[in-house]
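A.B. asks: Take a look at the following structure, please.
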Amino acid sequence: MLDKLEKKIERAAGARDQLKKQKKERTQFLRSLKARDKRLRKAQSLLQTAASMTQDQIKMRLCSVVNLALCEVFQNKCRFDIEFTEKKGTTYAELFFTDGENRTSPLDDNGGGMVDLVSLSLRLTLWSLHHPKLRKVLIMDEPLKFLSRDLIPDAVGLLRELSDTLNIQIIMVTHDEQLVEAGDKIFRVTQEKGISKVEVESC
C-alpha cells in the first residue's frame, strides 16, 4: 500500500516538474515574442517616419515645379497640391488644384490646358528625380494640345527655362505652328504616296 502511494507521489512530482519546465519554456517564449514585437513596432515607426519624410520631399519638389509652371503660364492664384493618405496598408496620392479654400480635381478641368501643363511639369520633375539618371532627352507627343493659343508663348518660355535648368533636350512632336516656330531645330515630316519625307529647316 505504501509502495503504491510512493509511486503515485513520484508520478505527481514528475508531472509537476514537467509542468514547471513547460511553464518556464513558455514564459521565455512569451518574453521573446514581446521583445520581437517591441523591435517590430520600433522598426515600423522608423519606416513610417522615413516614408513621411520622403513623401514630404517628393511633394515639395513636385509641387514647387508645377506651381512655378502654373504661375508662369496662367498667372492665377490656383495652386497644385498633393495629399498622401493610407488605406489598408497602401499609400495613395490625391492630386488637386486649390485656391486656398476649395479643391478641384484635375479631371474636372474643362479645357484641359492646366492638366496639360501639370502633366508636362510632372514628367520633367520626375525625370530629374530619377536615379540612376536617364538620358538627357525627353520625347513628347502633342504635350500642350489643349492649352489656349494665347498662352502658348508663355508655355514655350517655360519649356525653354526648364530645358536649360534641367539640362535636358526636348524633342516634341506637334502640329501647332507656334510650338514649331519655337524649336531650335525643326524636322518637317510630310507624306507623299505613303512615303514619309523629312526636311530639316533652319531656325
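Every read-out reported here was derived from the displayed coordinates using simple, explicitly stated rules and does not represent laboratory data. The model shown is predicted, which means the values in this text are computed figures rather than measured ones. Cβ placement follows ideal geometry from the backbone for every residue including glycine, while neighbour counts extend to all protein chains displayed.
A.B. asks: Rounded to whole Hz and in sequence order, give me ³J(HN,Hα) for the stretch 84-95 from the Karplus expression 6.51 cos²θ - 1.76 cosθ + 1.60, θ = phi - 60°, writing x for Gly and Pro.
C.D. replies: My calculation for the stretch 84-95 gives 8, 10, 10, 9, 6, x, 10, 8, 10, 10, 9, 9 Hz in order.
A.B. asks: Moving to a separate point now. For the stretch 136-203: lysine pairs with Cα atoms under 25 Å, gap of 8 or more or different chains, count?
C.D. replies: 5
A.B. asks: Another question, if that's okay. Which lysines does Lys21 reach when only Cα atoms under 29 Å apart count, and residues fewer than 8 places away in its own chain are ignored?
C.D. replies: Partners within reach: Lys4, Lys7, Lys8, Lys34, Lys38.
A.B. asks: Could you check what % of the DSSP bridge pairs in the chain are antiparallel, to the nearest 5?
C.D. replies: Numbers: 18 of 23 bridges.
Expressed as a percentage, antiparallel bridges in the chain total about 80.
A.B. asks: Something else about it: Let me know the shape class of the stretch 101-199, please: from the alpha-carbon gyration tensor, a ≥ b ≥ c as square roots of the eigenvalues, rounded when a/c is under 1.5, otherwise prolate if a/b is greater than b/c, or oblate.
C.D. replies: oblate
A.B. asks: Contact order normalised by length for the stretch 2-201, with contacts defined as Cα pairs under 8 Å and 6 or more residues apart; what percent is it?
C.D. replies: 13 percent.
A.B. asks: While we're here: Give the shape of the chain as rounded, prolate or oblate, defined through the alpha-carbon gyration tensor: a ≥ b ≥ c are the square roots of its eigenvalues, a/c under 1.5 means rounded, and otherwise the shape is prolate if a/b is larger than b/c and oblate if not.
C.D. replies: prolate
A.B. asks: Helices from the chain with mean Kyte-Doolittle at least -1.0 and a Cα length along the axis of 27 Å or more, per DSSP H: which?
C.D. replies: 2-73
A.B. asks: Could you work out how much longer the chain between Asp108 and Ser52 gets when fully extended? Use 0.36 nm per residue separation minus the Cα distance between them, nm to one decimal.
C.D. replies: Taking 0.36 nm per residue and subtracting the Cα distance, the gain is 17.3 nm.
A.B. asks: Can you give the extra length, in nm with one decimal, that the chain gains between Ser196 and Ile168 once fully stretched, where that is 0.36 nm per residue apart less the Cα-Cα distance?
C.D. replies: Result for the pair: 7.3 nm of gain on full extension.
A.B. asks: State which stretch of the chain is the longest one without any exposed trypsin sites (Lys or Arg not before Pro), exposure meaning a DSSP loop state and at most 14 other Cβ atoms within 10 Å.
C.D. replies: Longest gap between qualifying sites, sites excluded: 1-76.
A.B. asks: What lysines sit close enough to Lys87 to cross-link, taking a C-alpha to C-alpha distance under 23 Å and skipping anything fewer than 8 places away on the same chain?
C.D. replies: Lys42, Lys59
A.B. asks: Still on this structure, I have one more. Calculate the dipole size of the chain relative to its Cα centre from +1 charges on Lys and Arg beta carbons and -1 charges on Asp and Glu beta carbons; express the result in debye to the nearest 20.
C.D. replies: 3120 debye
A.B. asks: Figure the gain on full extension for Leu129 and Arg16 (residue separation times 0.36 nm, minus the Cα-Cα span) and round it to one decimal in nm.
C.D. replies: 34.1 nm
A.B. asks: To continue, here is another question. Rounded to the nearest 0.05, what FRET efficiency do Lys4 and Ser32 have when you use their Cβ-Cβ distance and R0 = 45 Å? Please list the in-between numbers first.
C.D. replies: Details: r = 42 Å, r/R0 = 0.94.
Approximately 0.60, to the nearest 0.05.
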